[in-house]
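The values are calculated or read from the model by the stated rules, or taken from the named source; none is laboratory data. These numbers come from a predicted model, not from an experiment. Heads up, the Cβs are rebuilt from the backbone with ideal geometry, glycines too, and the neighbour counts pull from every protein chain shown. The area values use the complete protein model at the heavy-atom level, side chains included, leaving out ligands, DNA and RNA. Shrake-Rupley method; radii C 1.70, N 1.55, O 1.52, S 1.80 Å.
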Amino acid sequence: MKKITLTALSVCALFVLAATASAGWNTCVACHNGTMAPNKEKLLDKHKTAESFVKAAQATQNPMMKSIQKDENALKEAAKEIGLK
């Protein structure tokens with residue numbers, strides 16, 4: 001029984017770590033490829049600061065952004081990862 005519990009906890013920990021590691025731009029890049037949504041270069045041209053980037057992401061009416069709009073920390077991390085300060 002202890003082995004099963006330990007194994008289950010280990011698997012859960014791996015899922016949590018994987019989710020944390022994929023926060024930020026890694027979450028965005030699938031859609032922000034230049035076809036579905038503006039790519040990194042276009043976002044950098046449009047937004048000069050991380051604050052501008054976060055506000056724009058939170059203000060968009062695109063339904064694909066609904067899940068990320070509430071996570072300001074992930075948006076800030078994405079802005080940092082693409083080079084905004």
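From the set of residues in the stretch 17-37 that are open to solvent by less than 90 Å² (accessible area, probe 1.4 Å) and β-branched (V, I, T), which is modelled with the lowest pLDDT? Show your work before the answer.
Residues of the stretch 17-37 open to solvent by less than 90 Å² (accessible area, probe 1.4 Å): 18-19, 21-25, 27-34, 37.
In the following step, the residues that additionally are β-branched (V, I, T) were identified as 27, 29.
On the way: T27: 88, V29: 92.
Result: T27.
Mind counting the residues in the stretch 58-85 that are in a helix (DSSP H, G or I) and basic (K, R)?
Number satisfying all stated conditions: 3.
Within the bounds of the stretch 38-50, is there any residue that is open to solvent by 70 Å² or more (accessible area, probe 1.4 Å), out of contact with any Leu (no Cβ under 7 Å at 6 or more places or on another chain) and among the polar types (S, T, N, Q)? Steps first, please.
Start the filter on the stretch 38-50 by keeping residues that are open to solvent by 70 Å² or more (accessible area, probe 1.4 Å), which leaves 40-42, 45-46, 48.
Subsequent filtering for residues that are out of contact with any Leu (no Cβ under 7 Å at 6 or more places or on another chain) retains 40-42, 45-46, 48.
Right, trim to among the polar types (S, T, N, Q) and you get none.
No, that holds for no residue.
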